[in-house]
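Down below is the structure, laid out as structure tokens.
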Amino acid sequence: MLGKRWKILNTLNIDQIEIKNRICLEWNCPDLVAELLVRKGLTDSSEIKKFFKPKLEDMHDPYLFKDMEKAVDRILLAIKNHEKITIYGDYDVDGTTSTSVLYLGLTSINAIVDYYIPHRMIDGYGLTLTGIDFIKKNKTSLVITVDCGINGIDEIKMMNDFGVDVIITDHHNPKEVLPNAVAIINPKVVGCTYPDFNLAGVGVAYKLLMGVYKKLGMDTSENINKYLDLVALGTIADIVPLVGENRTFAYLGLKHILNKKNIGLNSLINLIGLTNKKIDANDIVFAIAPRINAAGRMGSAMRAVEMMISKDPSESDELAQIIERENSLRQQIDHKTFDEACEIIETKYKNLDETKCIVVSSDDWHPGVIGIVASKLVEKYYRPSFMITCNEGIGSGSGRSIAGFDLFEALKDSSDLLESYGGHKYAAGLSIAQEYLDKFENRINKYSAEHIPPEDFIPPLKLDYNLELYEITNNLMKWLNKFSPFGPKNMRPVFYTKKVMIVTYPYNVGTNHLKLKVMKDGCELNLIGFNLGGFLPLLKKNAFIDIAYTLDVVSWQGKKSIQGKLKDIAIVRSED
């Protein structure tokens, strides 16, 4: 899809300009850096310092969670009585890192711990009958759910009925009725006053572990730091807002990854060629997380946990190699499934302008890739999209949304047609009887038409600052790097520059990536536009364009240079 809806921020008001000027003087920083801070609401020097350099002390007391005391007391009782504890996780990166953190943390204090992750293709999401059967046979008396369980009312009752206590740790949206658990640790539960609403599942599980450590007087800096590499990995991979405590987790955890204390994670990093690189959020989102996810998509996510808790380098190397092979297979299936879905869409929807939500299904799609492909459909068609794979009359689906449209609320509106559903605003899962697919598509399209204004079907692009090419310096890049790690609610700033001239012949590289060089006021900038190859026929050397882009420092053959990453292009007409 070419062309986005540019949303240029309003200019600062008089009061904000005064604050910006004060920040420039106090911090000796570029004007635009001060403006970015003001727009984030960071106006006090202590707040700015805390943002640029998060510390362990910035973390909240775990006992601010409702039910934390109950949860910790039950865990300590289990340890005292030598009861078996089973950690019940989810099969994505958030779920497997949550499981690994609790397993490592509790076994280190002599708890008897096992873990279970459902099989995506066999069991599906969340608490399952297979998992409950495992818990029963395993003679577990305490289950701790991580990244799941908040809506498992019937399943938790079943466990209660055969004498198993359950502690829920989760971050998904709860429904009106909560399960009968010993304790529920979830910042989204009504009545929970924990200051940070946006934690990933691994963040919630980590806070439970810190609650246990605090009760035992073990909350030393060493113990608080110990598992932050896995907490950062799960937090960044789950695409939660990287502000508040999540920023602290990500900032400190990325530094911890560099220390290479986790043997399994280190094996994977070495295998994919990131050994000598300073790992950043991009590396996690685009290189590390997809591989860990592949374990749960293509086979068993238990492998990912085995790798992350491994103490044996040769074992972890072997597990990393298996995961790498599974990721290669996942990529092949991704491409095939995406092509098939696009073919169905082009045939099925004669006029996409009249289609407000895409729903496609097949009996042949691999359940492990439909979420990824749904994301790609949103990127291509910019409509909320559901991919549903059917087996023996039941469809398992994954949905992804567009900016401003709450998928969870949309599914709630169709809940009478669904076997089950859950998720977030922008990503959700469902199961549905195949006979209801047409009704579901009609209902969800009607809901989408009523809740998505026409202009929202053009992707928005928020532009942070009007930057001239001569302002792009190494000093600026040093300051911009202080805003990292980047992620939701703290995205890499998007700049725009008007009327730059294309000074080389644009060309495409790779599958669909655009490369060109532009100049203005005697200053040049190399640009790459990932998946923007469709612009090539519209661009000519010496033509003028407006560009929207982010900035990054790239290394090539030992040399570092500043590169712009294109987000969008607007052709300048001659009369402009």
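Just from its helices, what would the mean residue ellipticity at 222 nm be for the chain, if runs of 4 or more DSSP H residues each count -39500 (n - 2.57) and the sum is divided by every residue, rounded to the nearest 500 deg cm²/dmol? Walk me through the numbers on the way to the answer.
Details: 19 runs with 226 residues, N = 576.
Only helices count here, giving -12000 deg cm²/dmol.
Which order do the peptides 225-233, 387-395 come out in when sorted by mean C-beta neighbours inside 10 angstrom, highest first?
Details: 225-233: 25.4, 387-395: 17.7.
Per-residue mean Cβ counts within 10 Å order the peptides as 225-233, 387-395.
Residue 239 versus residue 13, label points 7 Å from Cα toward the beta carbon: distance in nm?
3.4
Roughly how many debye, to the nearest 20, is the charge dipole of the chain about its Cα centre, given +1 on each Lys and Arg Cβ, -1 on each Asp and Glu Cβ, and no other charges?
Working: 69 positive and 74 negative charges, 350 e Å.
My answer is approximately 1680 debye.
Hey, got the dipole for the range 349-457? About the Cα centre, +1 on K and R Cβ, -1 on D and E Cβ, debye to the nearest 20?
Numbers: 11 positive and 17 negative charges, 54 e Å.
Dipole size: approximately 260 debye.
Excluding residue 272 itself, what net charge comes from residues whose Cβ is under 11 Å from its Cβ, given Lys and Arg +1 and Asp and Glu -1? Mind showing how you got there, number by number?
Details: positive: 277, 291; negative: 283, 324.
Around residue 272, the charge tally is 0.
Of the beta bridges DSSP finds with both residues in the chain, what % are antiparallel, to the nearest 5?
Working: 48 of 79 bridges.
For the chain, the DSSP antiparallel bridge percentage is about 60.
Helix 370-381 sits at what angle to the longest principal axis of the chain, using alpha carbons and giving 0 to 90 degrees rounded to 10?
So the inclination is approximately 20 degrees.
Across the range 55-146, what fraction of all alpha-carbon pairs, as a whole percent, falls in each successive 5 Å bin from zero upward?
Using 5 Å bins, I get a P(r) of 3, 13, 20, 22, 21, 12, 6, 2, 1 for the range 55-146.
Expressed as an acute angle from 0 to 90° and rounded to the nearest 10, what is the orientation of the C-alpha long axis of helix 437-451 relative to the principal long axis of the chain?
Approximately 50 degrees, to the nearest 10.
Taking the alpha-carbon centroid of each part, what is the distance from the range 465-531 to the range 149-222 in angstrom?
43
Please give the charge dipole size of the range 57-260, origin at the Cα centre, charges +1 on K and R Cβ atoms and -1 on D and E Cβ atoms. Round to the nearest 20 debye. Before the final figure, lay out the partial values.
On the way: 19 positive and 26 negative charges, 78 e Å.
Result for the range 57-260 is approximately 380 debye, rounded to the nearest 20.
First select every other residue whose beta carbon is under 9 angstrom from the beta carbon of residue 326; then total the charges, Lys and Arg +1, Asp and Glu -1.
On the way: positive: 291, 297, 303, 325, 330; negative: 324.
Spelling it out: positives minus negatives among the neighbours equals +4.
Listed here are the pairs 7/489; 80/188; 175/412; 277/489; which of them are more than 20 Å apart at the Cα?
On the way: 7/489 16 Å; 80/188 31 Å; 175/412 10 Å; 277/489 25 Å.
Where the Cα-Cα span goes over 20 Å, the pairs concerned are 80/188; 277/489.
Write down, largest first, the equivalent ellipsoid semi-axes of the range 57-260 in whole Å, where each equals the square root of 5 times an eigenvalue of the alpha-carbon gyration tensor. Write down the numbers at each step before the final one.
Working: eigenvalues 120, 67, 56 Å².
Output for the range 57-260: semi-axes of 24, 18, 17 Å.
Can you tell me which of 189-199, 315-325, 551-561 comes out highest on packing, and rank the rest after it, using the mean Cβ neighbours within 10 Å?
Averaged packing, sorted descending, gives the order 315-325, 189-199, 551-561.
Helix 313-348 versus the longest principal axis of the chain: what is the Cα-based angle in degrees, 0 to 90, to the nearest 10?
Approximately 60 degrees, to the nearest ten.
At R0 = 56 Å, how high is the FRET efficiency between residue 220 and residue 332 if r is their beta carbon distance? Nearest 0.05 is fine.
Numbers: r = 47 Å, r/R0 = 0.83.
Efficiency computed from Cβ-Cβ geometry: 0.75.
What number comes out for the charge environment of residue 486, summing +1 per Lys or Arg and -1 per Asp or Glu over other residues with Cβ under 9 Å away? Each step should come with its number before you reach the end.
On the way: positive: 492; negative: 280.
Net charge around residue 486: 0.
Hey, can you rank 469-479, 127-137, 289-299 by average C-beta count inside 10 Å, highest first?
Details: 469-479: 14.1, 127-137: 17.1, 289-299: 24.3.
Per-residue mean Cβ counts within 10 Å order the peptides as 289-299, 127-137, 469-479.
Considering only DSSP states other than H, G, I, E and B, which trypsin sites (Lys or Arg not before Pro) in the range 49-121 qualify as loop sites with at most 13 other Cβ atoms within 10 Å? It would help to have the intermediate numbers written out before the result.
Details: sites: 49, 50, 55, 66, 70, 74, 80, 84, 120; in loops: 55, 66, 120.
Sites meeting the loop and neighbour criteria: 55.
Check residue 395: other-chain or 5+ apart residues with amide H under 5 Å from its amide H, H built from backbone geometry?
Correct list: 432, 433, 434.
Taking a temperature of 37 °C and a viscosity of 0.692 mPa s, what whole-number D in µm²/s does Stokes-Einstein yield for the chain with Rh from Kirkwood over alpha carbon pairs? List each step's numbers first, then the result.
Working: Rh = 25.5 Å.
Translational diffusion coefficient: 129 µm²/s.
Bear in mind these aren't lab numbers, they're just calculated from the coordinates by the rules spelled out. Note that this is a predicted model, so its numbers are computed, not measured. Backbone-built Cβ (ideal geometry, glycine too); neighbour counts: all protein chains shown.
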